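J.: Have a look at this one.
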Amino acid sequence: MNSKERFDLTVNHKQPDRIVVDLGSTAVTGIHAQSVENLRKYYGLEAKPVRVIEPYQMLGLIDDDLIEAMGIDVIGAWGKNNMFGIYNHGLMKELKTFWGQTVLVPDGLNTTYDANGDLLIYPEGDLSAPPSSRMPVASYFFDAIVRQAPIIEEELDVRDNLEEFTLISENELEFWKESTRKARATGKAVIAALGSTALGDIALVPGLQVKHPKGIRDIAEWYMSTVMRPDYIKGIFERQTEIALENFSRIHEVVGDNLDAVFICGTDFGTQESTFCAPEQFDDLWLPYYRRINDWVHSNTNWKTFKHSCGAVESFIPHFIEAGFDIINPVQLSAKGMDPAHLKRNYGKHLVFWGGGVDTQKTLPYGKPEQVRNEVLRLCDILGKDGGFVFNTVHNIQANVPVENIVAMINAVKEFN
């Protein structure tokens, strides 16, 4: 049984020959570039600078040799441009990080340093525009720079929050066609984030790729707007959904079944202890648009739909199911109410748990290898029954995680299998 066959059984809630593994296929299931370098050293692979595939979080590309060493079953078909609107492929250049690692970034990713020594990135690499993101000297990833113009209520126009959501070009279609073709040829399962479906994803609200963003771009202002300006938010979501479905239709024509799953949205609804809003607000503001997107995907493709939401979202899971999602990630088991046995028992027939393989807040970064092993074995036993479980950590593996712990995690999955 190959990875693709194993994945197909898993996402259809049938028992595969072993648990499917994803480490690095998306921007929420990835590995920090520093940890990727440490893994390459551990496995004795070719010494070379790690390519940063997602610069905002400084996630590293998992090359074929490391994919095989770790036993990965799922790979990502990455889009043409990164979050800063910069071509993410082609020529690369070296960047020396604050932690001393030399990594590879796209040639068009232009940076400067501010008076504090922080590293700045510019939308579309345009140094004449205000920077859109900052990496503080002591940090390992970037933070959005809020570029919020004064809000004049009577002048708010939903089109201002839609500047970055556009109909796909012929050039981009050709890119997706080739990207997914290459990914499918590996025999692995393939996932992609096709864009335009980020309904309030707070990582994207600031418009990192937009040179002079208009509309509501301040994160706090956006959250308040879901209560204060719901009609404005609905207007944005309505047009985004229309654009997304048009783009999905055109993309499906060229990629067909070379995709197995599509990343729909990364909007977080949970905190460590609770939720950002009530389920009733979710039903009013988000669910109708999610439902339209998921219904189109299920009616027109064989793709599975992937929903990311951190935090204590147990009370939202029935609503995610009603919205038509097939997959939930990252399954933050350290959050309140997210008991794995409860989740599997009550929702395991309806949702695939993509994540939840090991806690990344305490166990993986701060535990001992044996603690990591025990936790992985326990969670695989709970979540892996009858399929419906793709092994991944609870969100990305960060920098400074002991490589021995990451390897203990990988070995524990192999041991379980």
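J.: I need a count of the residues in the stretch 259-291 that are polar (S, T, N, Q), crowded, with 20+ Cβ neighbours inside 10 Å and not in a loop (DSSP other than H, G, I, E, B).
T.: 1
J.: Shifting gears a bit: Going by what's in this entry, would I202 be described as of a type outside the set (D, E, K, R), buried (at least 21 other Cβ atoms within 10 Å of the Cβ), part of a loop (DSSP other than H, G, I, E, B) and out of contact with any Asp or Glu (no Cβ under 6 Å at 6 or more places or on another chain)? Write out each step before concluding.
T.: Details: of a type outside the set (D, E, K, R): yes; buried (at least 21 other Cβ atoms within 10 Å of the Cβ): no; part of a loop (DSSP other than H, G, I, E, B): yes; out of contact with any Asp or Glu (no Cβ under 6 Å at 6 or more places or on another chain): yes.
Criteria not met by I202.
J.: Here is a follow-up. I'm checking my understanding of the structure. Among residues of the stretch 1-58 that are among the basic types (K, R) and outside any loop (DSSP other than H, G, I, E, B), which one is farthest from D326 (Cα to Cα)?
T.: Kept after step one, since they are among the basic types (K, R), are these residues of the stretch 1-58: 4, 6, 14, 18, 40-41, 48, 51.
When the remaining residues are screened for being outside any loop (DSSP other than H, G, I, E, B), the result is 4, 6, 40-41, 51.
On the way: K4: 17, R6: 17, R40: 33, K41: 36, R51: 31 Å.
Taking the candidates together, the pick is K41.
J.: Select from the stretch 174-199 the residues that are in a loop (DSSP other than H, G, I, E, B), modelled with pLDDT of 95 or more and on the phi < 0 side of the Ramachandran plot and list them in ascending order. First the steps, then the outcome.
T.: Restricting attention to the stretch 174-199, the residues satisfying the condition of being in a loop (DSSP other than H, G, I, E, B) are 185-188, 193-199.
Still in the list and also modelled with pLDDT of 95 or more: 185-188, 193-194, 199.
Answer for the stretch 174-199, where residues must be in a loop (DSSP other than H, G, I, E, B), modelled with pLDDT of 95 or more and on the phi < 0 side of the Ramachandran plot: A185, T186, K188, A193, L194, L199.
J.: If you don't mind, another one. I'd like the residue in the stretch 132-145 that is of a type outside the set (A, V, I, L, M, F, W, C) and touching a Pro at 6+ places or on another chain (Cβ under 8 Å) and, out of all such residues, is nearest to M83 (Cα to Cα). Outline the logic, then answer.
T.: Within the stretch 132-145, the subset of a type outside the set (A, V, I, L, M, F, W, C) is 132-134, 136, 139-140, 143.
Then drop every residue that is not touching a Pro at 6+ places or on another chain (Cβ under 8 Å), which leaves 132, 143.
On the way: S132: 10, D143: 12 Å.
Here the residue is S132.
J.: Any residue at all in the stretch 373-394 that's in contact (Cβ under 8 Å) with a residue 60 or more places away in the chain, crowded, with 21+ Cβ neighbours inside 10 Å and part of a helix (DSSP H, G or I)?
T.: Scanning the stretch 373-394, I find at least one residue that is in contact (Cβ under 8 Å) with a residue 60 or more places away in the chain, crowded, with 21+ Cβ neighbours inside 10 Å and part of a helix (DSSP H, G or I), so the answer is yes.
J.: Now, a different point. Based on this model, can you work out whether P213 counts as in a loop (DSSP other than H, G, I, E, B), touching a Lys or Arg at 6+ places or on another chain (Cβ under 6 Å), within 22 Å of C310 (Cα to Cα) and in contact (Cβ under 8 Å) with a residue 40 or more places away in the chain? Talk me through it step by step, then tell me what you get.
T.: Numbers: in a loop (DSSP other than H, G, I, E, B): yes; touching a Lys or Arg at 6+ places or on another chain (Cβ under 6 Å): yes; within 22 Å of C310 (Cα to Cα): no; in contact (Cβ under 8 Å) with a residue 40 or more places away in the chain: yes.
No, not satisfied.
J.: Can we say D231 is acidic (D, E), surrounded by 18 or more Cβ atoms within 10 Å (Cβ to Cβ) and either touching a strand residue (DSSP E or B) at 6+ places or on another chain (Cβ under 6 Å) or at pLDDT 95 or above (or both)? Full working, then the answer.
T.: Details: acidic (D, E): yes; surrounded by 18 or more Cβ atoms within 10 Å (Cβ to Cβ): no; either touching a strand residue (DSSP E or B) at 6+ places or on another chain (Cβ under 6 Å) or at pLDDT 95 or above (or both): yes.
When the stated conditions are applied, D231 does not pass them.
J.: Say whether the condition of being under 29 Å from Q240 (Cα atoms), buried (at least 20 other Cβ atoms within 10 Å of the Cβ), modelled with pLDDT of 95 or more and of a type in the set (A, V, I, L, M, F, W, C) is met by at least one residue in the stretch 117-135.
T.: The answer is yes, given that some residue of the stretch 117-135 is under 29 Å from Q240 (Cα atoms), buried (at least 20 other Cβ atoms within 10 Å of the Cβ), modelled with pLDDT of 95 or more and of a type in the set (A, V, I, L, M, F, W, C).
J.: If you check every pair at least six apart or on different chains, which have Cβ atoms under 6 Å apart with a residue in the stretch 186-202 that is in contact (Cβ under 8 Å) with a residue 12 or more places away in the chain and polar (S, T, N, Q) first and a residue that is buried (at least 23 other Cβ atoms within 10 Å of the Cβ) and in a strand (DSSP E or B) second?
T.: T197/I264; T197/C265
J.: Next question. Does any residue in the stretch 324-343 that is at positive phi come within less than 6 Å, Cβ to Cβ, of a residue that is of a type in the set (G, A, S) six or more places away or on a different chain, and which pairs are these?
T.: Within 6 Å, the pairs are V331/G355; V331/G356; G337/A312.
J.: Pick out the one residue from D22, D107 that is in contact (Cβ under 8 Å) with a residue 12 or more places away in the chain, under 13 Å from K188 (Cβ atoms) and touching a strand residue (DSSP E or B) at 6+ places or on another chain (Cβ under 9 Å). Don't jump to the end; show me each part of the working.
T.: Values: D107 fails: under 13 Å from K188 (Cβ atoms).
Of D22, D107, the one residue that is in contact (Cβ under 8 Å) with a residue 12 or more places away in the chain, under 13 Å from K188 (Cβ atoms) and touching a strand residue (DSSP E or B) at 6+ places or on another chain (Cβ under 9 Å) is D22.
J.: Within the stretch 27-49, track down each residue that is farther than 20 Å from M92 by Cβ and free of Cβ contacts under 8 Å to residues at least 24 places away in the same chain.
T.: If the condition is that a residue be farther than 20 Å from M92 by Cβ and free of Cβ contacts under 8 Å to residues at least 24 places away in the same chain, then G44 is the only one that fits.
J.: Among the residues of the stretch 308-333 satisfying the criterion of being β-branched (V, I, T) and part of a strand (DSSP E or B), which is farthest from Q281 (Cα to Cα)? Give the steps one after another, and end with the answer.
T.: Of the stretch 308-333, the ones β-branched (V, I, T) are 313, 317, 321, 327-328, 331.
The next check asks that each one be part of a strand (DSSP E or B); those that pass are 327-328.
Working: I327: 21, I328: 20 Å.
Within the stretch 308-333, the match that is farthest from Q281 (Cα to Cα) is I327.
J.: Taking R184 as the residue in question, decide whether it is in contact with a strand residue (DSSP E or B) (Cβ under 7 Å, 6 or more places away or on another chain) and basic (K, R). Step through it out loud before you land on a result.
T.: On the way: in contact with a strand residue (DSSP E or B) (Cβ under 7 Å, 6 or more places away or on another chain): yes; basic (K, R): yes.
Answer is yes for this residue.
J.: Filter the strands (runs of 3 or more DSSP E) completely within the stretch 75-130 down to those with at least 3 residues that are within 19 Å of Q57 (Cβ to Cβ). If you could, list the steps in order and put the result at the bottom.
T.: Values: elements: 92-96, 102-106, 111-113, 119-121.
Counting at least 3 such residues, we get 92-96, 102-106, 119-121.
J.: In the stretch 152-177, which residues are more than 30 Å from E253 (Cα to Cα), surrounded by fewer than 15 Cβ atoms within 10 Å (Cβ to Cβ) and either in contact with a His (Cβ under 9 Å, 6 or more places away or on another chain) or not acidic (D, E) (or both)?
T.: Answer for the stretch 152-177, where residues must be more than 30 Å from E253 (Cα to Cα), surrounded by fewer than 15 Cβ atoms within 10 Å (Cβ to Cβ) and either in contact with a His (Cβ under 9 Å, 6 or more places away or on another chain) or not acidic (D, E) (or both): just I152.
J.: For G256, which of the numbered conditions (1) on the phi < 0 side of the Ramachandran plot; (2) surrounded by fewer than 18 Cβ atoms within 10 Å (Cβ to Cβ); (3) part of a helix (DSSP H, G or I) fails to hold?
T.: It is condition (1) that G256 fails.
The values are calculated or read from the model by the stated rules, or taken from the named source; none is laboratory data. What you see is a predicted model, and the numbers here were worked out from it, not measured in a lab. All Cβ positions, glycine included, derive from the backbone under ideal geometry; neighbour counts span all protein chains shown.
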